[in-house]
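> I am attaching a structure below and will ask some questions about it afterwards.
Read the figures in this text as sums done on the coordinates, not as results from a lab. Since the structure is predicted, the reported quantities are computational estimates derived from the model, not experimental observations. Ideal geometry is used to build each Cβ from the backbone, glycine not excepted, and the neighbour counts take in all protein chains shown.
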Amino acid sequence: MKKALLILTGVSVKPYGMDALNKDPNVLGYFKQNYELIEELDYNQYLDSYTLQTSFNLKYFDPVRLTLNPFRRHKIIQEIEFKIKAWQLTGYEVDLLCHSQGCWVAALTNLHINRAIFTGSPIGFKNSIGRFIVRENIAPGLWSSPLFVCERFLNLYSSKDFVGNVPSLIKKWFFGAKFFKEIDTGTLHDFSQYLNFIILNNLLKFI
């Protein structure tokens, strides 16, 4: 089956996932060996529309807009679902590679995909209040579950990461996966460091 990878990145003025892949030939080569199609979805265009266009506001208030504005959130979810369902209809097995806020955004969707790889996810936010806000935004209440479902789930967090600092632990946050794994990478929050960890450990072959 043909394989496609969609990348969702985090708090920023513009997406940085493809830049991280392209700047290192080893990284790009590794992912191209595993996927026929690789794209990044720029959801910032919806998150940052009709707001003060300063770099500080466009970057650091992304989580606030995502949490408090259901109209922006709905548009972002709609775009991700449309992209992935279109790929699935053309015969692709779809994986998601997400970093930081991109993990949060992915978890809001109503999708069933093959594999989700979360790196530096705020679902495991270092601050317990922030972690609670993110989890409640995805699946409110103790007994609810995320609509997002994957067959295989890899969660890369790090005790040195100021965002994705702790493991999910609770099965609810493995998104129904039959196979799941959580690893403390020992990296910082930088997406490139997580990518290098994936390659060094050949994790696409194990999850």
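> Would the chain count as rounded, prolate or oblate if I go by the C-alpha gyration tensor, calling it rounded below 1.5 in a/c and otherwise prolate when a/b exceeds b/c, oblate otherwise?
Cα axes put the chain in the rounded bin.
> Report the far tail of the P(r) of segment 88-207, meaning the percent of Cα-Cα pairs longer than 24 Å.
When all Cα pairs of segment 88-207 are counted, 20 percent exceed 24 Å.
> For the pair residue 54/residue 71, report the inter-label distance in nm, with labels modelled 7 Å from Cα in the Cβ direction.
2.3
> Share of Cα-Cα pairs in segment 112-161 beyond 14 Å, in percent?
Tail fraction, whole percent: 59.
> Here is a follow-up. Given only helices, namely DSSP H runs of n ≥ 4 each adding -39500 (n - 2.57), what is the per-residue ellipticity at 222 nm of the chain, to the nearest 500 deg cm²/dmol?
-11000 deg cm²/dmol
> Additional query: Any cysteines in the chain with zero other Cys Cβ atoms under 4.7 Å from their Cβ? List them, or say none.
Among the cysteines of the chain, those whose Cβ sits 4.7 Å or more from every other are 150.
> Once the piece of chain linking residue 147 and residue 133 is laid out straight, how much longer is it, given 0.36 nm per residue of separation minus the C-alpha distance between them?
Once the chain is fully extended between residue 147 and residue 133, it gains 3.3 nm.
> Could you give the dipole magnitude of segment 1-73 about its Cα centre, charging the beta-carbon of Lys and Arg +1 and that of Asp and Glu -1, in debye to the nearest 20?
140
> Quick one: of the DSSP bridges fully inside the chain, what percent are antiparallel, nearest 5?
5
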